[in-house]
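The values are calculated or read from the model by the stated rules, or taken from the named source; none is laboratory data. Every value quoted in this text rests on a predicted model; they were computed, and no experiment measured them. So basically every Cβ, Gly included, is an ideal-geometry build from the backbone, and we count neighbours across all protein chains shown. Remember, those area values only see protein heavy atoms, side chains included, never the ligands or the DNA or RNA. Shrake-Rupley method; radii C 1.70, N 1.55, O 1.52, S 1.80 Å.
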Amino acid sequence: DTGVSQDPRHKITKRGQNVTFRCDPISEHNRLYWYRQTLGQGPEFLTYFQNEAQLEKSRLLSDRFSAERPKGSFSTLEIQRTEQGDSAMYLCASSRATGLGGFSPLHFGNGTRLTVT
Amino acid sequence: QQPVQSPQAVILREGEDAVINCSSSKALYSVHWYRQKHGEAPVFLMILLKGGEQKGHEKISASFNEKKQQSSLYLTASQLSYSGTYFCGTLLAGAGSYQLTFGKGTKLSVIP
């Protein structure tokens, strides 16, 4: 268990630019989640994959955000035309597909901190 | 629907006890507790699935009152290592969703 890996750790970009983040989940985990966290707040759900299928997406998520998990392994989160309000920590988490009530604990990565100037 | 946590912050001396509450306006399927230390990722503590169920993790335990749609996290004989922000996450009943929604957190500071 090498943990969930996210890259980069920090990203500074200018407003209007596109950014892409990568997440490598724990290898045997087939569920992958993206969350966003701002200072003093809890993680906010963005989207969720089971294997390569994107099964849920937050209704609050702008269409500037897109996520993929092409082979059911690593995932990418892209933000187009970034805005200052996109500044946040972007957390990736993975879990098994089975567990208590069909839900297993989430294992979070250390996140990518995005700053939009 | 974001669950509501209380209190927002609490300061304890080592050895004291604390209770953190989490409530929802919607019927819940399960409640999940995580702890996040400053600058680190959230770490799983426990899942509570059935109403009234209590689960334990060292000196940290929790209960889930399904009828009241509330969960409480109990920290007994607190240690310095318990400091951090505690989040409850909820899955709604009947939604068929794996969208775990977190509260705003309760910041716990344990001082010597």
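Some points to look at:
- For A:ALA97, the residues 5 or more places off, or on other chains, whose built amide H falls under 5 Å of its own are A:ASN30, A:ARG31.
- Filter on A:LYS11/B:LYS59; A:LYS71/B:LYS107; A:LYS11/B:LYS68; A:LYS57/B:LYS26; A:LYS71/B:LYS67 - keep pairs with C-alpha separation over 31 Å: A:LYS11/B:LYS59; A:LYS71/B:LYS107; A:LYS11/B:LYS68; A:LYS71/B:LYS67
- Rounded to the nearest 20 debye, the dipole magnitude of the protein assembly as shown is 420 debye, with +1 charges on Lys and Arg beta carbons, -1 on Asp and Glu beta carbons, and the Cα centre as origin.
- Probing with 1.4 Å while keeping every protein chain in the model, the per residue accessible area of region A:23-90 equals 48 Å².
- Between A:GLY42, A:GLY72, A:GLY16, the GNM of chain A built on Cα springs shorter than 10 angstrom shows A:GLY42 fluctuating the most.
- Ligands, DNA and RNA excluded, the heavy atoms of A:LYS57 present near 100 Å² of accessible surface to a 1.4 Å solvent probe.
- If you look at the Cα atoms of the protein assembly as shown, you get an Rg and a Dmax of 17.6, 51 Å.
- Taking every protein chain into account, the accessible area of region B:28-112 amounts to 45 square angstrom per residue (probe 1.4 Å).
- Accessible area of the protein assembly as shown belonging to carbon and sulfur atoms, whole % at 1.4 Å probe: 46
- Of every Cα-Cα pair in region A:77-117, the percent that sits beyond 17 Å: 48
- Point-to-point label distance, B:HIS38-B:ASN21, nm (Cα→Cβ direction, 7 Å offset): 2.8
- Antiparallel DSSP beta bridges within region B:3-112, percent to nearest 5: 90
- Interface area, B with A, accessible, probe 1.4 Å, both sides summed, Å² nearest 100: 1800
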